[in-house]
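Chemist: There's a structure below that I have some questions on.
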Amino acid sequence: MSTKGRRAAAATSLCLAGLLAVTACSAPGGGTTDTDDSATGGSGSATGDVTATCGTDPVTLSAYIETGFPMPKDLFDEFTKQYPNVTFDVREDQFAVITQNAPRVLADDPPDLMRLPQMSELAKDGLLLDLDGYASSMGWDQWPASQLVQLRVDDDGARGEGPLYGMGLGFSMTGVFYNKDLAAQIGVTEPPATLAELDDMMQKAKDAGITPAAQFNGGATGGLAFPLQGLMASYGDTTEINDWIFQRSGATIDTETNLQAAEHLKSWIDAGYFADDINSLDYSMMMSRFMEGESLLMFNGDWESGNLDAQMPGKVGFFLMPPLEEGGDLGAMSAPLTFGIGAQAEHPDCAAFFFDWAATNEEARTIQVEVGGSHPLGLADAFMPEVDADSVTAQTLAAGATIGEKDGAMDFIANATGAIYAKGWTPNLQKLVAGQQDPAGMLADVQKQYESEIGG
Amino acid sequence: MMQMRTTGRPGLREVAEQPHGLDDRRRGWVALALVVPAAVVYVVFVLRPLALTVQYSFYDWNGISAATWVGIDNYTRLFGDSEMFGSILNALQLIIYFSFVPVLLGLLTAAIIRKFATSRLALVSRTVLFLPQVIPLVAAGIMWTWLMSSDGLVNQVLRAVGLDSLTRAWLGDFQTALPAVGVIGAWVALGLCMLLLLAGMTKIDPALYEAARLDGAGAVREFFAITLPSLRQELGVCITVTVIAALASFDIVYISTQGGPGNATLVPGLEIYYLAFFSREVGQASALAVAFMVLVLAIVLPIQRLTREGDR
């Protein structure tokens, strides 16, 4: 035993010595701060007028994009066709993987084009290129300001103001898709004009034995955030919600109108308007149930328009979350499909030129509409491709125009901070379904989570 | 000296007592050369990350920009945070499913299989029960997610036998999610426990059973008086391995529920991952990791001690 004891003691002291040897080193993160400082200091930014061009020499743009969405790759192919000296080196990952990898990838191996998750922390850490110089030289600042406002980040990491740190390959928008056949079956031929009519539509479906909405809400996916935010816009002001998402000081999600919205959602849950296994449904299961005609509604975004037109041609309709009273205010989650340029990227000028091309070139705009189902960025009177009037894509584009007129665009409440979706909304929405949380408690809890994150 | 040896093989003592000198030193160097590569790998890939984790746990750090020293703040926060505390409670609860259930079932199946050890049936059942061990945990997680979905096989069987009222989305229900994850873990661990215990049983001297039978002991008495005490060491290995699997579980939970619904199946492994990669609180994640490692040692070391002492 004594030998054993001595051996154990020796091993322990060896471990401790090792630990001390390493912990005696400098604080972590010191090495990268030098480059961070230079980036935030502006040396890596495109301040002043900068001409964006890909030149004529061979260029390989490195792109890090989200897997499962063909639109960016189609754009890359078209760009290479028009500018043969430019090729793309594409890396694809799931959005959740990009979210967790973003800071490391941007710090260690900055891509020229990168699909971004929530971006304020990345901009604050000096990992993204400031695009203001390109914006003024290429006329992006002439576009409707609302298109790019979500991509501006100030020094404190609050969004909505400050330099431009990202661009969109089109902007997407959410609302409600409905199965026209099932709607006709329950005697509904027109989209609901008020919330009460939507309630009525869901009740009719339930009475007819049809699942009103098989929304996803399982695992790490709090999909009830989609209808919830739509309801928030019906009850209250979208500006307040944007202030909260943009981390403006003093903003809160725990307001009277948001409580009414959350209570309305709870009334849908209690009435059994969602599938009873909603807490185990993921996004793809929701899509397959909707496409197989198992549910009447789906709260989702226009990125599925092209897909639905291909899979269920002529059978799907789209409407925005209706207002409380007919003709009232409308709101929708509408955000650019955000891409950025790494602060230390190798070919920033060419990447910026690509962004400009995507917003102005007719072929590029057509791809964004037809493949991505999204409205391209750019001047309000810019070219738009012809779309079949019966298609759901035509309806989502029209809805996008309506939201633009009503100034009802909001970013996603899931994008407020890096972890607010995973740690705030998702668990609370799942508890709301199971009756373990009430609407007021949910808003208070999410607000607490939000404050602890932006405070620390 | 050689003549002094009279009978028998050269013993260990003799080898150890060879004269000290150049040979011995050379052997020492050879031994060192053989150990060094493994030791370097161990230091670089185990000790260094461990030390860095301890270091990070004293800082507030987002993984990129400069870190700030916060002392033991990250550790004190562990006790005040109900979510992190809840994840530890979930892990402790998983011990029932990942450890107790497979060890008990393993004992039972091994005792049954031993009775017909030489038959083809024993070989088949051993293989079938061991199969989950060779399936990657991620694949097991995916498979069970399908089985336990609302239209999955489990619910289909329940409906077929008229138990419609029991059907539910097992992994999406607050009451059943953690036990459902536990079932996957139990299914995976059963094979290893069964095989280890069966191997232990074959080592037991048949004379002991014969003596017991002559004394009039039945099968149950035989099991408790002879089989169980003789398996102390194997049981120790089974319990240690499965308890660590329960406490350090990540893959099965990540694939099947991702910690949901709510935080009903959140375990420390997942919480550390969320903290480090989603909330970007590397310091806080490291503190939880260190505290959790201490907890695992505090639970596993006594088990090791208990099962080892009985060996003497």
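Chemist: What is the one condition in (1) crowded, with 24+ Cβ neighbours inside 10 Å; (2) within 14 Å of chain B (Cβ to nearest Cβ); (3) at positive phi that A:Leu429 does not satisfy?
Modeler: Of the numbered conditions (1) crowded, with 24+ Cβ neighbours inside 10 Å; (2) within 14 Å of chain B (Cβ to nearest Cβ); (3) at positive phi, the odd one out for A:Leu429 is (3).
Chemist: Restricting the search to region B:77-104, which residues are farther than 28 Å from B:Tyr59 by Cα and either small (Gly, Ala, Ser) or touching a Phe, Trp or Tyr at 6+ places or on another chain (Cβ under 8 Å) (or both)?
Modeler: The one that is farther than 28 Å from B:Tyr59 by Cα and either small (Gly, Ala, Ser) or touching a Phe, Trp or Tyr at 6+ places or on another chain (Cβ under 8 Å) (or both): B:Ser99.
Chemist: Given the structure, is A:Glu92 open to solvent by 30 Å² or more (accessible area, probe 1.4 Å) and out of contact with any strand residue (DSSP E or B) (no Cβ under 8 Å at 6 or more places or on another chain)?
Modeler: no
Chemist: Related question: Answer with yes or no whether B:Gly71 is surrounded by fewer than 19 Cβ atoms within 10 Å (Cβ to Cβ), more than 10 Å from chain A (Cβ to nearest Cβ), not acidic (Asp, Glu) and not in a helix (DSSP H, G or I). Quick ask: steps written out before the conclusion?
Modeler: Numbers: surrounded by fewer than 19 Cβ atoms within 10 Å (Cβ to Cβ): yes; more than 10 Å from chain A (Cβ to nearest Cβ): yes; not acidic (Asp, Glu): yes; not in a helix (DSSP H, G or I): yes.
So B:Gly71 fits the description; yes.
Chemist: Among the residues of region A:425-444, count how many are over 21 Å from B:Gln175 (Cα atoms) and under 22 Å from the mean Cα position of the chain (by Cα).
Modeler: Count: 1.
Chemist: May I pose another question? For B:Ala276, indicate whether it is more than 24 Å from B:Ile184 (Cα to Cα) and in a helix (DSSP H, G or I). Lay out the reasoning, then the answer.
Modeler: Numbers: more than 24 Å from B:Ile184 (Cα to Cα): yes; in a helix (DSSP H, G or I): yes.
Yes.
Chemist: Being open to solvent by less than 40 Å² (accessible area, probe 1.4 Å), more than 30 Å from A:Asp309 (Cα to Cα) and more than 10 Å from chain B (Cβ to nearest Cβ) is the requirement here; does A:Val392 meet it?
Modeler: no
Chemist: Further question: With respect to A:Met291, is the statement that it is out of contact with any helix residue (DSSP H, G or I) (no Cβ under 9 Å at 6 or more places or on another chain), of a type in the set (A, V, I, L, M, F, W, C) and open to solvent by 10 Å² or more (accessible area, probe 1.4 Å) true?
Modeler: No: the conditions fail for A:Met291.
Chemist: Now for a different question. Go through B:Ile239, B:Ile255 for me and flag whichever is open to solvent by 30 Å² or more (accessible area, probe 1.4 Å), within 11 Å of chain A (Cβ to nearest Cβ) and within 30 Å of B:Glu83 (Cβ to Cβ).
Modeler: Every option except B:Ile255 fails the conditions.
Chemist: Can I ask one more? Tell me the residue from B:Phe292, B:Phe250, B:Phe278 that is at the interface with chain A (Cβ under 10 Å from one of its Cβ atoms) and aromatic (Phe, Trp, Tyr), please.
Modeler: Exactly one of B:Phe292, B:Phe250, B:Phe278 is at the interface with chain A (Cβ under 10 Å from one of its Cβ atoms) and aromatic (Phe, Trp, Tyr), namely B:Phe278.
A quick yes/no check of all residues on (1) assigned to a helix (DSSP H, G or I); (2) over 30 Å from A:Lys124 (Cβ atoms); (3) within 14 Å of chain A (Cβ to nearest Cβ); (4) hydrophobic (A, V, I, L, M, F, W, C):
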{"residue": "B:Ile64", "(1), (2), (3), (4)": "no, no, yes, yes"}
{"residue": "B:Tyr75", "(1), (2), (3), (4)": "yes, no, no, no"}
{"residue": "B:Phe85", "(1), (2), (3), (4)": "yes, yes, no, yes"}
{"residue": "B:Leu94", "(1), (2), (3), (4)": "yes, yes, no, yes"}
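Chemist: Quick one: which of A:Ser374, A:Ser452 is touching a residue at least 60 places away in the same chain (Cβ under 8 Å) and either within 17 Å of A:Gln147 (Cβ to Cβ) or open to solvent by 10 Å² or more (accessible area, probe 1.4 Å) (or both)?
Modeler: Numbers: A:Ser452 fails: touching a residue at least 60 places away in the same chain (Cβ under 8 Å).
Matching residue, one of A:Ser374, A:Ser452: A:Ser374.
Chemist: Ok, one more. Name the residue, out of A:Val176, A:Val188, that is in contact with a strand residue (DSSP E or B) (Cβ under 9 Å, 6 or more places away or on another chain) and free of Cβ contacts under 8 Å to residues at least 24 places away in the same chain. Show your work before the answer.
Modeler: Working: A:Val176 fails: free of Cβ contacts under 8 Å to residues at least 24 places away in the same chain.
Only one candidate passes the filter, namely A:Val188.
Rundown of residues vs (1) over 16 Å from A:Thr426 (Cβ atoms); (2) without any contact (Cβ under 8 Å) to a residue 60 or more places away in the chain; (3) surrounded by fewer than 21 Cβ atoms within 10 Å (Cβ to Cβ); (4) out of contact with any Gly (no Cβ under 9 Å at 6 or more places or on another chain), yes/no style:
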site: A:Thr239; (1), (2), (3), (4): yes, yes, yes, yes
site: A:Ile245; (1), (2), (3), (4): yes, no, no, no
site: A:Glu256; (1), (2), (3), (4): yes, yes, yes, no
site: A:Ile278; (1), (2), (3), (4): no, no, no, no
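Chemist: Here is a further query. May I ask you to list the residues in region B:127-143 that are touching a residue at least 60 places away in the same chain (Cβ under 8 Å) and over 20 Å from the mean Cα position of the chain (by Cα)?
Modeler: Passing the criteria: only B:Ile142.
Matching residues to (1) more than 13 Å from chain A (Cβ to nearest Cβ); (2) open to solvent by 30 Å² or more (accessible area, probe 1.4 Å); (3) modelled with pLDDT of 90 or more; (4) out of contact with any Leu (no Cβ under 8 Å at 6 or more places or on another chain):
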residue	(1), (2), (3), (4)
B:Leu266	no, no, yes, yes
B:Ala287	yes, no, yes, no
B:Ile299	yes, yes, yes, no
B:Pro302	yes, yes, yes, yes
B:Arg305	no, yes, no, yes
B:Asp311	yes, yes, no, yes
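Chemist: So which residues in region A:266-303 are more than 14 Å from chain B (Cβ to nearest Cβ), more than 20 Å from A:Ile210 (Cβ to Cβ) and assigned to a helix (DSSP H, G or I)?
Modeler: Hits for region A:266-303 are A:Lys266, A:Asp302, A:Trp303.
Chemist: Here is a follow-up. Can you find even one residue in region A:60-71 that is over 27 Å from the mean Cα position of the chain (by Cα), open to solvent by 20 Å² or more (accessible area, probe 1.4 Å) and either within 14 Å of chain B (Cβ to nearest Cβ) or farther than 26 Å from A:Arg152 by Cβ (or both)?
Modeler: Scanning region A:60-71 turns up at least one residue that is over 27 Å from the mean Cα position of the chain (by Cα), open to solvent by 20 Å² or more (accessible area, probe 1.4 Å) and either within 14 Å of chain B (Cβ to nearest Cβ) or farther than 26 Å from A:Arg152 by Cβ (or both).
Chemist: Here is a further query. Any idea which of A:Gly250, A:Gly222 is outside any helix (DSSP H, G or I), touching a helix residue (DSSP H, G or I) at 6+ places or on another chain (Cβ under 8 Å) and either without any contact (Cβ under 8 Å) to a residue 40 or more places away in the chain or not hydrophobic (A, V, I, L, M, F, W, C) (or both)?
Modeler: A:Gly222 is the lone residue from the list that is outside any helix (DSSP H, G or I), touching a helix residue (DSSP H, G or I) at 6+ places or on another chain (Cβ under 8 Å) and either without any contact (Cβ under 8 Å) to a residue 40 or more places away in the chain or not hydrophobic (A, V, I, L, M, F, W, C) (or both).
Chemist: Can you name the helices (runs of 4 or more DSSP H) wholly within region B:120-222 that have at least 3 residues being open to solvent by 80 Å² or more (accessible area, probe 1.4 Å)?
Modeler: B:120-134, B:153-160, B:206-214
Chemist: Something else about it: If I ask for residues that are within 24 Å of A:Phe274 (Cα to Cα) and charged (D, E, K, R), which ones from region B:124-173 would you list?
Modeler: Those that are within 24 Å of A:Phe274 (Cα to Cα) and charged (D, E, K, R): B:Asp151, B:Arg159, B:Asp164, B:Arg168, B:Asp173.
The values are calculated or read from the model by the stated rules, or taken from the named source; none is laboratory data. What you see is a predicted model, and the numbers here were worked out from it, not measured in a lab. Note that we place each Cβ from the backbone using ideal geometry, even for glycine, and neighbour counts take in every protein chain shown. With ligands, DNA and RNA removed, areas are computed over all heavy atoms of the protein, side chains included. Shrake-Rupley method; radii C 1.70, N 1.55, O 1.52, S 1.80 Å.
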